[in-house]
Amino acid sequence: MAWKTREQMEADGQRLLAPYAQKSGESRGREYPEPPHAFRTDFQRDRARIIHSRAFRRLEYKTQVFLNGTGDHLRTRLTHSIEVASISRTIARALSLNEDLAEAIALAHDLGHSPFGHSGEEMLAECMRGHGGFEHNAQSLRVVDLLEAPYPDFPGLNLTFEVREGLQKHANERCPTLEAQVADLADEITYYSHDLDDAVDFAILSPEQLQEVTVWRDSHAVVLRRHPDVHEPELHKLIIRDIIDVQVRDAVTSSAEAIERAGVRTVEEVRGRTAQLIQYSEELAAANRDLRRFLYQNVYYHPRVAKVNRQACEMLRAAFEAYLKNPELLGEGATKRIEREGLHRTVCDYIAGMTDRYLIEEYGKVAEQPPAA
């Protein structure tokens, strides 16, 4: 036969993946049963459903750190998600885990993120105080379970249990699959490295400041030993590349050691643990905590970043209040959900799904609307 069947792919997984990896043929399935595909595993189908969703396409115009549109080379939520997926596949492959599952979780992990980055998330959480709150991981699950509606027979994307489990980042009492843990750690590696990269491109970090950071300083020294004549802008790109390589190598070796020490042999034994097995070494974990503090002190709340984010978030608040006063402005699709979901949650869903530029446009239309009679 010239093509490989799903059953053959699943058999390959049983033969090639680690015993504690989540096998595609052993998925707990979907909430709404569907017939299996002839030549795609369930996790491959999930990945395709995520990529083809409207929420995924909208990530192109959602801020990562620097307000969308302020620089052609700065990351967006879409490029961030693609980078997380790439690193997830690398780590999963090295550890003989299910790459398709890790990638699907990585691609979906920010589907619920609000416009205007983390500042927008904080503002939306403030608007929802007393009404269930807002947290982008939980919102990602709402997106794939409810708000995306491409199929006539069921709500949402009807993703597998394992992908949905991986999106419940802060809701699991037990550990999720190792593939979900890989996507989680890959998210950290990605934003550590590309937030530094973007901050240098955005010219808000000086060479002297960067030398305060162990992760940067170590990779800077390595790059100069390899390329003593290199200068900017190539220099900092090589440093970022080395930082990513160091992080991934450490995650692979440290996780492999942790898995061996734990002695897990099945997915359920992984789930039965209280501490994650995909991890950094203690030394790199400490260095990353310092890097995280550095980013918050010098990047995320830098005046050039904070000022535009604050202005954008005030637009978000004003639009939220305008929709509460005039629910008919939400449009037919959203207003249908008010009776079931409540007005505040419906408005929250509507705004969380917006791109930065669409929210700015809507703000201009709705902020000055008089209350409905």
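The values are calculated or read from the model by the stated rules, or taken from the named source; none is laboratory data. What you see is a predicted model, and the numbers here were worked out from it, not measured in a lab. Because the Cβ atoms are built from the backbone with ideal geometry, glycine has one as well, and the counts that use them run over all protein chains shown. Calculation scope for accessible area: heavy atoms of the full protein, side chains included, ligands and nucleic acids excluded. Shrake-Rupley method; radii C 1.70, N 1.55, O 1.52, S 1.80 Å.
Here are the numbers for the structure shown:
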{"quantity": "Whole-number percent relative contact order across segment 236-283, with pairs defined as alpha carbons under 8 Å at least 6 apart", "calculated": "51"}
{"quantity": "Gain on full stretching of the segment that runs from A149 to E173 - 0.36 nm per residue minus C-alpha separation", "calculated": "5.7 nm"}
{"quantity": "Vicinal HN-Hα couplings computed from phi for segment 354-362 (Karplus, 6.51 cos²θ - 1.76 cosθ + 1.60; Hz; Gly/Pro x)", "calculated": "6, 7, 4, 5, 5, 5, 4, 5, 5"}
{"quantity": "Gain upon complete extension [E282, R226; 0.36 nm per residue less C-alpha separation]", "calculated": "17.5 nm"}
{"quantity": "Length-normalised contact order for segment 301-371 - Cα pairs under 8 Å, 6+ apart - percent", "calculated": "44"}
{"quantity": "Check: segment 268-340 dipole with +1 on Lys, Arg Cβ and -1 on Asp, Glu Cβ, in debye", "calculated": "280"}
{"quantity": "Per residue solvent-accessible surface (Å²) - the chain, probe of 1.4 Å", "calculated": "48"}
{"quantity": "Solvent-accessible area, 1.4 Å probe, carbon plus sulfur percent, for the chain", "calculated": "51"}
{"quantity": "Cα gyration tensor category, rounded, prolate or oblate, for the chain with a/c compared to 1.5", "calculated": "oblate"}
{"quantity": "Cα shape, segment 139-205, gyration tensor, a/c 1.5 rule", "calculated": "oblate"}
{"quantity": "Pairwise centroid distance, computed over Cα atoms, of segment 212-286 with segment 165-202, Å", "calculated": "13"}
{"quantity": "Ordering of 271-283, 189-201 by packing [mean C-beta count within 10 Å, highest first]", "calculated": "189-201, 271-283"}
{"quantity": "222 nm mean residue ellipticity, helices alone, for the chain (DSSP H n ≥ 4; -39,500 (n - 2.57); rounded to 500)", "calculated": "-18000 deg cm²/dmol"}
{"quantity": "Karplus-derived 3J(HN,Hα), 6.51/-1.76/1.60, for each residue of segment 281-297, Hz, glycine and proline x", "calculated": "5, 4, 5, 6, 4, 5, 4, 5, 5, 5, 4, 4, 4, 4, 5, 5, 6"}
{"quantity": "Charge-dipole axis of the chain as Lys and Arg at +1 and Asp and Glu at -1 on Cβ define it, positive-most pick from V305, S206, A55", "calculated": "A55"}
{"quantity": "Only Lys, Arg (+1) and Asp, Glu (-1) charged, at Cβ; segment 203-270 dipole about Cα centre in debye", "calculated": "140"}
{"quantity": "Sites S86 and T335, calculated FRET efficiency, Cβ-Cβ separation with R0 45 Å, nearest 0.05", "calculated": "0.70"}
{"quantity": "Mean separation of Cα contacts under 8 Å, 6 or more apart, over the residue count of the chain: relative contact order %", "calculated": "20"}
{"quantity": "Under-5 Å amide H pairs with T76, H placed in peptide plane, nonlocal only", "calculated": "none"}
{"quantity": "In nm, spacing of pseudo-spin labels at N137 and R317 (7 Å Cα→C-beta vector)", "calculated": "2.7"}
{"quantity": "At R0 = 22 Å, FRET efficiency that the Cβ-Cβ distance of E361 and R304 yields, to 0.05", "calculated": "0.40"}
{"quantity": "Distance-filtered residues of segment 195-229 - backbone nitrogen under 15 Å, label point 7 angstrom along H73 Cα→Cβ", "calculated": "195-205"}
